[in-house]
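**Student:** Sending over a structure as C-alpha cells; questions will come in a sec.
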Amino acid sequence: MHATPEPTQETSECDVLVIGGGPAGSTVAALLAQKGHDVLLLDKDRHPRFHIGESLLPANLPLFEKLGVADEMRAIGMTKWAAEFVSPWHEHKQAFQFSEAWDKSMPHSYQVRRSEFDQILLRNAARCGARVFEGCRVTSVDLEATPERAHALATHDDGRQLSVAPRFVVDASGRDTFLASRFKIKHKNPKHNSVALYGHFEGARRNEGEAEGNITIFWFEHGWFWFIPLQDGVTSVGMVTWPYFMKTRGERSLQQFLLDGFAMNPKLAACLADAHLVNEVEATGNFSYSSERNHGRNYVLLGDAYAFIDPVFSSGVMMAMQGGFSGAEAIDTWLTQPSRRQQALGRLDRILKHGPREFSWFIYRMTNPVMRDLFMGPRNPLRVKDALLSVLAGDIYGRTPIWASLGLFKVIYYVSSLAQLPTAMRAWRRRRINILPVDPNSAN
C-alpha cells in the first residue's frame, strides 16, 4: 500500500492580496498592478461561473473606458436606455430615460450575463499584471502576523496549499464576507430585510425596438420583480419580497413559488405567458447586511464584502467597481507614502459609506405608496426629476450638482406623506412588520 503524499505548500510574498475575483476584486487588482505593485488575486471559483446581478448602470461605462474593457463590454451587452416602473395601482408605465439625467454624457448602459462580465474583468486584471489564481480558496488570514506583513493560507482545488505574506489585504469576497464574518462585524440591516428568488426565461415578451433592453421593475403587494433582458434572448426575472411572504411558501418548490408570485402581477404574467424556464430557480436570503467597518490598519472590505442593501437600483456592480477605483488609489498611497496611510484610508471610508447611504434612503421607501406615486408621476421643479435620474444612473460620486435638487425631492416626499398621513402611517407600520426576520430555512 502506498502512503498518500502530503499536499505540497507553495509560498509567496506580494504587496497586495486580493480575496475574490468579482467586479471589486478584479478592478482593484488591475489598477494596482498597472501602478507597478505586485498583486496576487485568489478566487475560489473558476470562471465563467453563474452570478446574479445582470443590470449595469450608466455610471459603469466611464469605468470600463478607464479599465480598457469598453469594447469587450459593448460586445456582450444588451443596450439599456431606460429604467421602467410598472405598478398594479397605476394604469400607465413610467420610463426614466437616462439621456434625461443631469449629466447627458451617459445616456445608456448594458444588461449582461455576469458569467461573461466577471470573466472579462478577471482576465483584464491578469493582462494588467496581477497574478490570478482561480479555484483557490483562502482559508485563513492573520493580519498581525508581523509588523510589516499579514499571512494568509489558501488551498487550490487540487489540494495544493499556498502560503501568502502580503503587505496589504483586500477582501472582495462578495456575499461570503470573508473578513467581516471572521471578525463578527457583519450584521443584518435593521432597516431592511428581503429575500430574492430568480431564474432565466426564454420566450418572454419584451419591449420592441430600442426599448427592448430596458430593465423593468414590477411592483406587487409583497415587494417587486425585476425583468432584465439579456443579449441572447434570455430574460432574467426575479422576485424580491419580505420574509413574512417567503414563509407562506409552505411545501411548494422554489420554482412554483416564483411562478405563483408572477401570477400576482397580471402585467408581468402577460409578459411571461409564453416563456419557459431554462435554469433552476435559486433563492438568496438575508439579502441586506452591513459591516461595522470597511477597513483596518492593513486591509479594506470592498463591494458586497462590506455591505449590500437591495438590488432595486442595480447599484451593486457600480458601487463595487467604484470601490475598486477608490480602493486602488488609497492602497497605492498606503504602499508608497506611509505618512499618509491614515488619511488615505479615512477618505476611502467616506467614499465606501457614501453609496449605500445615498441609495438606501430611496430603497427603504420604494414600496411605500407615497414614493410609488412620486415615481409614477415625476415632476421636475428645480430639476428634481433630473437629479432622481442621476441617482438611477449611478451618478453620485462625481461633481454633478444634484444634491440640492435631491434634497428638494426628499422635502416633496415628506410633505406628500403629511398630506396622505393615514396612508403613510399604515405603510410605515406595515414596513415595520415586513422587515421582521423569520425562520431562515423558509428560503431554502
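The values are calculated or read from the model by the stated rules, or taken from the named source; none is laboratory data. These numbers were taken from a predicted model, which means no experiment stands behind them. Virtual Cβ from ideal backbone geometry, glycine too; neighbours counted across all protein chains shown.
**Student:** Just a yes or no: is a residue in segment 420-436 farther than 21 Å from Ser87 by Cα, under 23 Å from the mean Cα position of the chain (by Cα) and part of a helix (DSSP H, G or I)?
**Tutor:** no
**Student:** Follow-up question, since we're still on this one. Residue check: is Ser339 in contact (Cβ under 8 Å) with a residue 12 or more places away in the chain and of a type in the set (Gly, Ala, Ser)?
**Tutor:** no
**Student:** Here's something else I'd like to know. Would you point out the residue of segment 39-62, among those that are under 19 Å from the mean Cα position of the chain (by Cα) and more than 27 Å from Gly199 (Cβ to Cβ), that is surrounded by the most Cβ atoms within 10 Å (Cβ to Cβ)?
**Tutor:** Residue satisfying both the conditions and the ranking: Ala59.
**Student:** Thr79: under 30 Å from Ala283 (Cβ atoms), of a type in the set (Ser, Thr, Tyr) and under 18 Å from the mean Cα position of the chain (by Cα), yes or no? Talk me through it step by step, then tell me what you get.
**Tutor:** Numbers: under 30 Å from Ala283 (Cβ atoms): yes; of a type in the set (Ser, Thr, Tyr): yes; under 18 Å from the mean Cα position of the chain (by Cα): no.
No: the conditions fail for Thr79.
Each row is one residue, and each column tells you yes or no for (1) modelled with pLDDT of 95 or more; (2) over 27 Å from Val170 (Cα atoms); (3) assigned by TED's automatic domain parsing to the domain that holds Tyr299; (4) basic (Lys, Arg).
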site	(1), (2), (3), (4)
Gln342	yes, no, yes, no
Arg347	yes, no, yes, yes
Phe375	yes, yes, no, no
Ile396	yes, no, no, no
Gly407	yes, yes, no, no
Ile412	yes, yes, no, no
Arg430	no, yes, no, yes
Asn434	no, yes, no, no
Pro437	no, yes, no, no
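**Student:** In segment 96-107, which residues are surrounded by fewer than 18 Cβ atoms within 10 Å (Cβ to Cβ) and under 22 Å from the mean Cα position of the chain (by Cα)?
**Tutor:** Residues satisfying the conditions are Gln97, Pro107.
**Student:** Of the residues Ile351, Ile331, which is more than 21 Å from the chain's Cα centre (by Cα) and in the same structural domain as Gly22 (by TED's automatic domain parsing)?
**Tutor:** Working: Ile351 fails: more than 21 Å from the chain's Cα centre (by Cα).
Just a single option satisfies the conditions, and that option is Ile331.
**Student:** Here's a follow-up. Restricting to segment 385-405, count the residues that are outside any loop (DSSP other than H, G, I, E, B) and under 20 Å from Asn214 (Cα atoms).
**Tutor:** 9
**Student:** Oh, and also: For the subset of segment 306-346 comprising residues that are farther than 20 Å from Val18 by Cα and among the charged types (D, E, K, R), which member is surrounded by the fewest Cβ atoms within 10 Å (Cβ to Cβ)?
**Tutor:** Of everything passing the filter in segment 306-346, Arg340 is surrounded by the fewest Cβ atoms within 10 Å (Cβ to Cβ).
**Student:** Answer yes if at least one residue in segment 303-319 is in contact with a helix residue (DSSP H, G or I) (Cβ under 7 Å, 6 or more places away or on another chain), outside any helix (DSSP H, G or I) and more than 16 Å from Leu57 (Cβ to Cβ), and no otherwise.
**Tutor:** Quick first cut of segment 303-319, residues in contact with a helix residue (DSSP H, G or I) (Cβ under 7 Å, 6 or more places away or on another chain) only: 303-310, 312-313, 315-319.
Still in the list and also outside any helix (DSSP H, G or I): 306-310, 315.
With the extra rule that they be more than 16 Å from Leu57 (Cβ to Cβ), the set shrinks to 306-307.
Looking for residues that are in contact with a helix residue (DSSP H, G or I) (Cβ under 7 Å, 6 or more places away or on another chain), outside any helix (DSSP H, G or I) and more than 16 Å from Leu57 (Cβ to Cβ), one finds at least one in segment 303-319, hence yes.
**Student:** Let me ask something else about it. Does Gly77 meet the test of being over 30 Å from Gly223 (Cβ atoms), in contact with a strand residue (DSSP E or B) (Cβ under 7 Å, 6 or more places away or on another chain) and in contact (Cβ under 8 Å) with a residue 24 or more places away in the chain?
**Tutor:** no
**Student:** Do we find that Phe245 is touching a residue at least 12 places away in the same chain (Cβ under 8 Å) and assigned to a helix (DSSP H, G or I) in this structure?
**Tutor:** yes
**Student:** Looking at (1) assigned to a helix (DSSP H, G or I); (2) of a type in the set (A, V, I, L, M, F, W, C); (3) touching a helix residue (DSSP H, G or I) at 6+ places or on another chain (Cβ under 7 Å), find the lone condition where Leu259 falls short.
**Tutor:** The number of the failed condition is (3).
**Student:** Right, His151: assigned by TED's automatic domain parsing to the domain that holds Phe325 and touching a Phe, Trp or Tyr at 6+ places or on another chain (Cβ under 8 Å) or not?
**Tutor:** Spelling it out, it is not the case that His151 is assigned by TED's automatic domain parsing to the domain that holds Phe325 and touching a Phe, Trp or Tyr at 6+ places or on another chain (Cβ under 8 Å).
**Student:** On the basis of being under 26 Å from Ser390 (Cβ atoms) and crowded, with 24+ Cβ neighbours inside 10 Å, does Glu65 make the cut?
**Tutor:** no
**Student:** Just checking, how many residues over segment 358-384 are assigned to a loop (DSSP other than H, G, I, E, B), crowded, with 18+ Cβ neighbours inside 10 Å and touching a residue at least 60 places away in the same chain (Cβ under 8 Å)?
**Tutor:** Total satisfying the criteria: 4.
**Student:** Still on this structure, I have one more. Suppose the filter is basic (Lys, Arg), under 22 Å from the mean Cα position of the chain (by Cα), closer than 18 Å to Val39 by Cβ and not in a loop (DSSP other than H, G, I, E, B); does Arg123 pass it?
**Tutor:** Yes, satisfied.
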